[in-house]
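In what follows, a structure is listed as structure tokens, so that the remarks can point back to it.
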Amino acid sequence: MYSEKVMEHFSNPKNVGEIEDADGVGEVGNPTCGDMMNIYIKVKDGKLSDVKFKTFGCGAAIATSSMITELAKGKTIEEALEITRDDVAQSLDGLPPVKMHCSNLAADGLHAAIEDYKKKQGTD
Amino acid sequence: MAKIYMDNGATTKPDSEVVSAMLPYYNEHFGNASSLHSFGQEAADALDRARQQVANLVGAQPEEIIFTSGGTESDNLALKGIAYLKKNAGKHIITSVIEHPAILNTCKNLQDDGFRVTYVPVDDQGLIDPAAVEDAITDDTILVSIMHGNNEIGTIQPIKEISKIAHDRGVLMHTDAVQSVGKIAVNVNDLDVDMLSISAHKIHGPKGVGALYVRKGTRLESLVKGGGHEFGKRAGTENIPGIVGLAKAAELAGQRLDDDASHVTKLRDAAITKILGSISESYLNGHPTQRLPNNVHLRFSYVEGESLLMLLDMKGVAVSTGSACSSKSLEPSHVLTALGIPPEQIHGSLRITFGRENTMDEVDYVVESLVGIVEKLRAMSPIAPKH
């Protein structure tokens with residue numbers, strides 16, 4: 001059902017955990033639906049110097065979380081905002097069709113974290 | 001790597017004796033049981049013997065056994081067969097909210113055809129209150145269908161009591177016993193049912209074959225029209241190899257029932273005690289004692305079942321889950337929902353169903369694996385409390 005890439009990221013996810021003094025946090029999904037994702041970012045000189053995640057969910061939810069941290073790390077804010085759900089799915093060599101909607105939340109999570117960062121910047 | 005099958009509620013490994021019994025009916029005795037020549041008579045004899053063996057397992061008479069393509073067809077035949085025949089006598093059916101989809105979707109189908117269906121609720125351990133069935137019966141009620149052992153949580157219903165209630169009001173009683181036959185003693189007279197569904201592949205038999213017990217004198221409309229096979233209740237040339245396989249599986253299940261039941265009960269109780277004792281915020285779903293001897297159904301807070309299942313699979317252990325993420329419909333289990341379990345905990349559910357080949361060493365391996373997996377997933381979970 002899942003590609004090898006998904007299984008790889010699911011069984012050995014990268015960048016698991018929280019960033020204590022995160023510059024932005026994105027919370028998406030809902031445990032009632034079975035998938036919930038928190039993405040934490042650290043920003044330095046306009047670039048994402050660190051990205052971590054915590055996820056409650058299925059194999060696809062965990063794999064997409066892991067993948068987004070890899071895709072986003074080192075990118076500028078603008079570049080990171082351009083990463084789409086499809087980019088994440090493609091980087092994982094595809095997701096089963098039923099998982100495309102519900103578990104492919106990682107790009108939304110990243111964007112929410114960046115929004116949070118921008119909001120905090122604005123209010124500083 | 002270990003290769004441990006603990007999903008016997010989904011299907012079981014066909015016993016080697018079952019496969020051996022079937023092969024001659026593919027390779028040599030291929031006749032049509034309706035043919036009068038010697039080829040046909042070999043098949044007809046095998047069919048007669050098989051009917052007797054299946055009848056023996058549930059305390060029935062051979063002419064009360066109708067062979068079908070499996071549990072789903074048996075359920076369809078019981079419900080629609082009665083509904084279509086009795087539609088002028090009444091149009092109300094009673095079932096429960098935790099039935100297998102083979103019953104629930106057949107009921108929906110009958111509702112579309114103008115029948116009325118009452119779905120009686122269950123308590124938080126999955127038990128039906130027979131009084132709820134009694135209250136639901138009206139003059140229009142033609143059939144009560146309540147499953148014997150639940151396929152997910154393993155809760156065993158008080159069928160005998162419910163049958164009495166139905167019969168006192170002149171209503172027919174069917175039970176889907178697909179999960180209980182071969183696991184606990186099932187006797188159609190003791191349960192006092194008019195119809196009972198059986199599946200071969202749940203009792204170490206082949207897939208694609210099952211039976212419906214229909215009490216002598218109970219008429220129903222056949223759904224599959226054709227020749228006069230199966231006493232006019234199910235047309236189509238009999239699947240002799242499959243039926244022989246079902247019969248052999250039934251014979252073995254009968255012989256081994258006591259040994260198998262005590263063996264899997266030990267595994268079940270050890271698994272439940274060990275898992276609940278070693279993983280915090282883990283809970284048993286279903287009834288603590290009124291449950292199938294091979295069924296362990298648990299839920300773990302803060303983790304999702306498909307992830308649990310996949311990580312266990314990577315350790316060579318096959319189980320199943322009620323999580324929506326693993327179902328084609330993406331709907332959480334209707335059974336766990338009916339128990340009142342909150343959705344996020346339904347996602348964290350896991351079913352282990354033992355079979356006669358499992359061992360206590362395997363139970364220990366699964367418990368140990370599960371402890372590590374739950375810990376790993378909780379460390380990753382944004383809803384788990386921080387330590």
query = For helix A:106-123, what angle does its Cα long axis make with the longest principal axis of chain A, in degrees from 0 to 90 and rounded to 10?
reply = 10
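Which entries of A:LYS14/B:LYS3; B:LYS86/B:LYS248; B:LYS160/B:LYS266 show an alpha-carbon separation above 30 angstrom in the structure shown?
From the list (A:LYS14/B:LYS3; B:LYS86/B:LYS248; B:LYS160/B:LYS266), the Cα-Cα distance tops 30 Å for B:LYS86/B:LYS248.
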Rough spin-label spacing in nm, given labels placed 7 Å along Cα→Cβ, for B:ASP139 and B:ASP313 = 5.5
Translational D in µm²/s for the protein assembly as shown (Stokes-Einstein at 20 °C, 1.002 mPa s, Kirkwood Rh from C-alpha pairs) = 86
ask   = Within 10 Å of each Cβ of A:58-69, how many other protein chain Cβ atoms are there on average?
value = 3
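Report the net charge of residues surrounding B:GLY126, where surrounding means a beta-carbon distance below 10 angstrom and charges are Lys +1, Arg +1, Asp -1, Glu -1.
On the way: positive: B:ARG291; negative: B:ASP123, B:ASP124, B:GLU152.
Here the charged neighbours net out to -2.
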query = Full extension from B:ARG49 to B:ASN105: what is 0.36 nm times the residue separation minus their Cα-Cα distance, to one decimal in nm?
reply = 16.8 nm
inquiry  = Could you compute Rg(Cα) / (2.2 N^0.38 Å) for the range A:4-119, with N its residue count?
reply    = 0.95
remark   = Note to self: C-alpha centroids of the range B:193-265 and the range A:77-93 sit apart, in Å, by 53
ask   = In the protein assembly as shown, with Lys and Arg counted as +1 and Asp and Glu as -1 at Cβ, which of these residues, B:PRO101, A:VAL51, B:THR321, has the Cα nearest the positive end of the dipole, that is, farthest along it?
value = B:PRO101
task = Could you work out, residue by residue across B:372-384, how many beta carbons of other chains sit within 10 Å of that residue's beta carbon, and then give the average as an integer?
result = 4
ask   = Cysteines of chain A lacking any other cysteine beta carbon under 4.7 Å?
value = A:CYS33, A:CYS102
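Kindly give the semi-axes, whole Å and largest first, of the ellipsoid equivalent to chain B, taking each as the square root of 5 times a Cα gyration tensor eigenvalue. Please list the in-between numbers first.
Values: eigenvalues 263, 144, 57 Å².
Each semi-axis is √(5λ); the values are 36, 27, 17 Å.
Note the full-extension length gain between B:THR273 and B:GLU331 as 0.36 nm times their separation in residues minus their Cα-Cα distance, in nm to one decimal. Intermediate results must be reported in sequence, preceding the final value.
Details: separation 58, 0.36 × 58 = 20.88 nm, distance 2.97 nm.
Computed gain between B:THR273 and B:GLU331 is 17.9 nm.
Throughout, read-outs are computed from the coordinates displayed, never taken from laboratory work. Remember, it's a predicted structure, so these values are computed and weren't measured experimentally. A quick note on method: Cβ atoms are made from the backbone with ideal geometry, for glycine too, and the neighbour counts reach across all protein chains shown.
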